[in-house]
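Written out below as structure tokens is the structure these notes cover.
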Amino acid sequence: MAHKRPIRAQSERPLAPTPANPPPHVYSSIGYDRAADKRDDRAFQAMALRDPESRFLVLHGLKPLFVEDATGPRPLFVAAQDLAAHRPEPPVFLGLHEDRAVFAVDLDGAVVEGGTYLELRSVGPNLAPGEAGLLAFARALAHWRLRHRYCGACGGPMVTLMAGHCRRCEACGFDTFPRTDPAVICLVISGEHCLLGRSRHFPDGMYSTLAGFVEPGESLEQTVVREIEEEVGIRVEAVHYRSSQPWPFPQSLMLGFRALAPLVEPVIDPAEIEDARWLHRSELLYPEKRPVRLPNPDSIARFLIEDWLYSS
Ligand SMILES: [Zn+2]
């Protein structure tokens, strides 16, 4: 099958050889072992919490602690002995990295020399994938813990079990576990065009793939069809799964799809999005000539667009 890439002049920027952020995407578990079997191993946990080789990732609420080096912000880890002066909530076991236990711990905003608490989302695109994945896991667990301080069944206080991966009501025994909300995200294609939309919350000029949360009783494919019809009034078909990305802002799993649609004018629902437009492949190929700004390179939205743009 013939490739459809245009011939480019020598002076123009070369095409990206592969899409940014290929699977496993940024914020996935990369380069460490979640070691779930160790969460209930009390002897291991007690030993690891004292082990000077263990590493503790510090958070304040949802913000991890970073240190700035020549390459930009890097996560700042502390050792067990550095926690002695604090009385944190029980650290959360994240797993093993190079045979060393890694925990997340909230020191209630304690000042750590050289460290700054930053939003993961603001630095995520510049982090190594392994670091971003570990921080994403820590942030998602912190978000869940902060919003499950009391029992959803009886309002009683919760205690932490399984090294931070379960909370149990002391009054009625109800257990709760970390949640992930499935959301679909889809690049709609019609021949050489793709359909991108913008939310009023986006930065100026940014357009992205359409997305929405899965409702109870719905398949992923049904969510894709419903969401796109709601947002732009277009009925898609040939819905194909592509890949997924944990998106801990705050607790989503983005399930990426492609779908086909007729090249008809979108009729937007202003309650959902601000604008939607078809863009021809030739308008997006060269970054400096794009009429819109694409989503950040750490997102599956960007991957879905570039995957089609450069590989089809
Ligand atoms: Zn309860």
Discussion item. Any residue that is crowded, with 18+ Cβ neighbours inside 10 Å and in contact with a helix residue (DSSP H, G or I) (Cβ under 6 Å, 6 or more places away or on another chain) - is there at least one of those in segment 144-162?
Written reply: no
Worksheet item: Do the conditions hold for LEU120, that is, is it buried (at least 19 other Cβ atoms within 10 Å of the Cβ), at negative phi, more than 16 Å from the ligand (Cβ to nearest atom) and over 22 Å from the mean Cα position of the chain (by Cα)?
Response: no
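Inside segment 168-203, can you point out the residues that are of a type in the set (Gly, Ala, Ser) and either within 16 Å of the ligand (Cβ to nearest atom) or on the phi > 0 side of the Ramachandran plot (or both)?
Applying the first criterion (of a type in the set (Gly, Ala, Ser)) to segment 168-203 yields 171, 173, 183, 190-191, 197, 199.
Correct list: ALA171, GLY173, GLY191.
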Worksheet item: With (1) touching a residue at least 24 places away in the same chain (Cβ under 8 Å); (2) under 30 Å from ASP37 (Cα atoms) as the list, and ARG168 as the residue in question, which single condition is left unmet?
Response: (1)
Practice prompt. Residue by residue through segment 253-312, note down the ones that are among the β-branched types (Val, Ile, Thr) and more than 24 Å from the chain's Cα centre (by Cα).
Written response: VAL264, VAL267, ILE268
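Within segment 196-206, is even one residue outside the structural domain of HIS143 (by TED's automatic domain parsing), over 28 Å from PRO291 (Cα atoms), touching a residue at least 40 places away in the same chain (Cβ under 8 Å) and surrounded by 14 or more Cβ atoms within 10 Å (Cβ to Cβ)?
Going residue by residue through segment 196-206, those that are outside the structural domain of HIS143 (by TED's automatic domain parsing) are 196-206.
Of the ones still in play, those that are also over 28 Å from PRO291 (Cα atoms) are none.
Looking through segment 196-206, none of the residues is outside the structural domain of HIS143 (by TED's automatic domain parsing), over 28 Å from PRO291 (Cα atoms), touching a residue at least 40 places away in the same chain (Cβ under 8 Å) and surrounded by 14 or more Cβ atoms within 10 Å (Cβ to Cβ).
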Discussion item. Here are the criteria: (1) in contact (Cβ under 8 Å) with a residue 12 or more places away in the chain; (2) out of contact with any helix residue (DSSP H, G or I) (no Cβ under 9 Å at 6 or more places or on another chain); (3) more than 17 Å from ILE30 (Cβ to Cβ). Tell me which single one GLY130 does not satisfy.
Written reply: (3)
Item to complete: Kindly check whether there is at least one residue in segment 158-167 that is outside the structural domain of GLU265 (by TED's automatic domain parsing), within 16 Å of the ligand (Cβ to nearest atom), in a loop (DSSP other than H, G, I, E, B) and over 26 Å from the mean Cα position of the chain (by Cα).
Response: no
Practice prompt. State yes or no: is ARG149 under 14 Å from GLY61 (Cβ atoms) and within 16 Å of the ligand (Cβ to nearest atom)?
Written response: yes
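Looking at this structure, is ARG139 crowded, with 21+ Cβ neighbours inside 10 Å, within 16 Å of the ligand (Cβ to nearest atom), modelled with pLDDT of 95 or more and under 24 Å from the mean Cα position of the chain (by Cα)? Outline the logic, then answer.
Working: crowded, with 21+ Cβ neighbours inside 10 Å: yes; within 16 Å of the ligand (Cβ to nearest atom): no; modelled with pLDDT of 95 or more: yes; under 24 Å from the mean Cα position of the chain (by Cα): yes.
Against the criterion (crowded, with 21+ Cβ neighbours inside 10 Å, within 16 Å of the ligand (Cβ to nearest atom), modelled with pLDDT of 95 or more and under 24 Å from the mean Cα position of the chain (by Cα)), ARG139 does not qualify.
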Item to complete: Report yes if LEU118 is under 18 Å from ILE30 (Cβ atoms) and either in contact (Cβ under 8 Å) with a residue 12 or more places away in the chain or among the β-branched types (Val, Ile, Thr) (or both), otherwise no.
Response: no
Response to the item:
Counted residues in segment 176-219 being within 16 Å of the chain's Cα centre (by Cα), part of a loop (DSSP other than H, G, I, E, B) and within 20 Å of PRO270 (Cβ to Cβ) come to 1
Item to complete: Working only within segment 240-252, note down all residues that are under 16 Å from GLU221 (Cβ atoms) and out of contact with any helix residue (DSSP H, G or I) (no Cβ under 8 Å at 6 or more places or on another chain).
Response: HIS240
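The values are calculated or read from the model by the stated rules, or taken from the named source; none is laboratory data. Here the structure is a predicted model, which is why all the values come from computation and not from measurement. Note that we place each Cβ from the backbone using ideal geometry, even for glycine, and neighbour counts take in every protein chain shown.
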